[in-house]
Amino acid sequence: MPHTHTHFQFMHALPYGAVVHDHGTQFVVFSRNATAMRLLLYDDVDDREPVEVINFDRETDRWGDIWSVFVPDISPGQLYHLQAEGPFDPDRGLRFSPHSRLVDPYARALAGTFQSSDDGITRPPMCVVVDDYFDWEGDRHLRRDLSETVIYELHVRGFTQHPSSGVEHPGTYLGVIEKIPYLQSLGVTAVELMPVHEFPMTGFDGLPDTPHNYWGYDPLAFFAPHRGYAFDQTPGGQVREFKEMVRQLHQAGIEVLLDVVLNHTCEGNHEGPTLGLKGLENPVYYLLEDDGRHYKNFSGCGNSVNGNHPIVREMIFHCLRHWVHNYHVDGFRFDLASILSRDRYGNLVANPPLVEAIAEDPLLTDTKIIAEAWDAAGAYQVGSFGDDRWAEWNGRFRDDVRGYWRGDPELRGALATRLSGSADLYQAAGRPPYCSINFVTSHDGFTLNDLVSYNDKHNLANGEENCDGERNNYSYNYGHEGPSDDEDIESVRLRQIKNMLTTLLLSQGVPMLVAGDECRRSQQGNNNAWCQDNEISWFDWSLVEENAALLRFVRNLVHFRRAQPTVRRPWFLTGERMENRRIADVSWFDAEAGIVDWHSVASPISCLLAAPDEAQDPEGRGKDLFMLMNPGHEAERFRVPKSVQRKSWNLLIDTAAHSPEDFFGIGEGPELAAFSIELPKRSTRVYIRD
């Protein structure tokens, strides 16, 4: 028999969502054009029909455009849907259906899977009433300065799902906890988690989705941690386990950043299912074409969230604050953030309200906010997204570093600019170097191993006839497509990997590594593995032992960077004389130790990077560095500049050498004794003055 709850008016029109009180739960939802609202309650995730339906009273349960009803005796763990009646008039953008079961936009957890009704209507997973209480044991945000951050991008499931991971809880938040000692040994200061808010795990018909959206860039519930990454599959179990992961990462000194997808949802275009926002107030939540029926598609995923509508802007604020306050996350990377710069008509605008407000929000002050400053419709705002509160994924760094080390001509000027902090992008606006999130690889594209192993993408496994994925990868296979047993080919590939990692970790700005690049993880040439929930994407932990020498190199690089203010200044390198020293902060030389012709097709370059003066580094930790780079396919002889000859130097890094001679401790490497140095092809050397 259905349960019966007598509901009564309770004076809480806000906040939104399912809010637990002493004697029941308040359910609050926004809808401007709905003519009726219902709450569907369930006992079990497998229920096909609700055990009780509660109708909101238009006279007593509606406050403006907010529908609010208190239901006594409803406690955490309760399962529910919303159901909204109203006009179905696509020409006006209205898509109400009295039969659709809807996800609460503010749902804090989901449970179950998609179901298909007898009339073919898709039913989304059920919402869960959640109590946010958790014993944080005094945990607070770590508040590490962005300039001292080293980011490690990882996929929660893929990080430990491979059988070689050896963890007790593979593919879960708890699995990440088990790998914290590895993260600590690597030296990274923050993990950037690929999407962890709810997204479809199965097809909308309740059957396995083919292809499967492994990456998770297809959100269903912005406030809810993904249930698929929880070991405890009881409704709401993912909430506790996610908090446990954050707490233990913080105890290990590692911050947690979330890759948030606030630009579109999994409801897709006009042919997509009605799962939540579409069925509650479609023309408010989405950017629509003039005909009202179709969706503006700046995301490439069928729709675009109307982020600068006041109602949606409020929801996004509540979402970010929710993750910061209730989950203690330390910051966000905003996927396709340029969509958030578009007004209610889809036009890019200066000082967009949402972007500005995120930067000014008082609860987000201690967090890191990072933009992927482009979208799928051609907007490219790298260097101009927001103010100095906003950092950006620097796509120019990625392309210039890849091209330089591939041997492309006329790029040593670009390489020098990227290594110096990308002043061309950020200085004019008064933004510091740490606004640049430097990366050579990310989840999107080749892994670092594949970048030096493939000329072309190999995405046939995605089922799109290799038509998907980026075509311009700045990659090179060095003589053979894919894995090779040729020692010469493998030698140059390893050298190139170390060259790009050295450039990344010694550049001004904030470096980001991708999980597995430190031990040559491969995706078999797939540069768009969004649907590959298998060994193509998973971290193969046998590589940690197989490529232990490279892992040692990366660990040394990361720890060196963290100890050296010389490579993480809060200002740009200018080439001008430093206040308390007789040398410039950086001096550039060609192979003859002369003035660099930045317009030459030649590529070899060296630089003297001076340590910060005492005013900037009173502890005296900074060391002068002399760096030499030869991206050519022949050896190159470098003259040592006179300013370097007058000092005593020891070798620190030699990417052409075998381990352990590729990275020495400070003062432990061979002395620089000659006035000329022959650098092998495609190699880097770094000397340090103690």
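What is the one condition in (1) of a type in the set (A, V, I, L, M, F, W, C); (2) touching a helix residue (DSSP H, G or I) at 6+ places or on another chain (Cβ under 9 Å); (3) farther than 23 Å from LEU494 by Cβ that ALA674 does not satisfy?
(2) is the only condition that ALA674 fails.
Tell me which residues, restricted to segment 267-298, are part of a loop (DSSP other than H, G, I, E, B) and under 16 Å from TYR345 (Cβ atoms).
Of everything in segment 267-298, those that are part of a loop (DSSP other than H, G, I, E, B) and under 16 Å from TYR345 (Cβ atoms) turn out to be LEU287, GLU289, ASP290, ASP291, GLY292, HIS294, LYS296, ASN297, PHE298.
Just to be sure before I move on: is PHE159 touching a strand residue (DSSP E or B) at 6+ places or on another chain (Cβ under 8 Å) and either in contact (Cβ under 8 Å) with a residue 12 or more places away in the chain or part of a strand (DSSP E or B) (or both) in the structure I sent?
So PHE159 fails the test.
Pairs please, first residue from segment 620-647 and touching a residue at least 40 places away in the same chain (Cβ under 8 Å) and closer than 23 Å to GLN564 by Cβ, second anywhere and assigned to a helix (DSSP H, G or I) and among the aromatic types (Phe, Trp, Tyr), Cβ atoms under 9 Å, 6+ apart in sequence or on different chains.
The qualifying pairs are MET629/TYR404; MET629/TRP405.
Name every residue in segment 244-277 that is buried (at least 19 other Cβ atoms within 10 Å of the Cβ), touching a residue at least 60 places away in the same chain (Cβ under 8 Å) and over 18 Å from THR189 (Cα atoms), in order of residue number.
VAL260, VAL261, LEU262, ASN263, HIS264, CYS266, PRO273, THR274, LEU275, GLY276, LEU277
Just checking, how many residues over segment 371-408 are touching a residue at least 60 places away in the same chain (Cβ under 8 Å) and among the acidic types (Asp, Glu)?
So the count comes out to 3.
I'd like the full set of residues that are in a loop (DSSP other than H, G, I, E, B) and without any contact (Cβ under 8 Å) to a residue 12 or more places away in the chain, limited to segment 481-496.
ASP485, ASP486
Among residues belonging to segment 648-677 that are in contact (Cβ under 8 Å) with a residue 60 or more places away in the chain and of a type in the set (Gly, Ala, Ser), point out the one that is surrounded by the fewest Cβ atoms within 10 Å (Cβ to Cβ).
Taking the candidates together, the pick is SER659.
Looking at LEU220, LEU257, can you tell me which residue is within 30 Å of PHE553 (Cβ to Cβ), modelled with pLDDT of 95 or more and out of contact with any helix residue (DSSP H, G or I) (no Cβ under 8 Å at 6 or more places or on another chain)?
That would be LEU257, the only listed residue that is within 30 Å of PHE553 (Cβ to Cβ), modelled with pLDDT of 95 or more and out of contact with any helix residue (DSSP H, G or I) (no Cβ under 8 Å at 6 or more places or on another chain).
Restricting to segment 111-131, and then to whatever is of a type in the set (Gly, Ala, Ser) and in a loop (DSSP other than H, G, I, E, B), can you tell me which residue is surrounded by the fewest Cβ atoms within 10 Å (Cβ to Cβ)?
GLY120
Of everything in segment 534-560, what is farther than 18 Å from GLU153 by Cα and crowded, with 17+ Cβ neighbours inside 10 Å? Give them in sequence order.
ASN547, LEU550, PHE553, ASN556, PHE560
Identify, please: which residue in segment 435-463 is of a type in the set (Phe, Trp, Tyr) and closer than 21 Å to VAL554 by Cα and is, among those, surrounded by the fewest Cβ atoms within 10 Å (Cβ to Cβ)?
PHE439
Could you please let me know if GLU137 is touching a Lys or Arg at 6+ places or on another chain (Cβ under 7 Å) and either surrounded by fewer than 16 Cβ atoms within 10 Å (Cβ to Cβ) or on the phi > 0 side of the Ramachandran plot (or both)?
Taking the combined requirement at face value, the residue satisfies it.
Quick grid of which residues meet (1) farther than 23 Å from PRO124 by Cα; (2) touching a helix residue (DSSP H, G or I) at 6+ places or on another chain (Cβ under 9 Å):
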{"residue": "GLU244", "(1), (2)": "yes, yes"}
{"residue": "HIS270", "(1), (2)": "no, yes"}
{"residue": "GLY300", "(1), (2)": "no, no"}
{"residue": "GLY331", "(1), (2)": "yes, yes"}
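Listed residues ARG581, ARG561, ARG552; which is under 25 Å from GLY403 (Cα atoms) and out of contact with any strand residue (DSSP E or B) (no Cβ under 6 Å at 6 or more places or on another chain)?
Testing whether each residue is under 25 Å from GLY403 (Cα atoms) and out of contact with any strand residue (DSSP E or B) (no Cβ under 6 Å at 6 or more places or on another chain) leaves just ARG561.
The values are calculated or read from the model by the stated rules, or taken from the named source; none is laboratory data. Fair warning: this is a prediction, and the values are worked out from it, not measured in the lab. Positions of Cβ are backbone-derived with ideal geometry, glycine not excepted, and every protein chain shown enters the neighbour counts.
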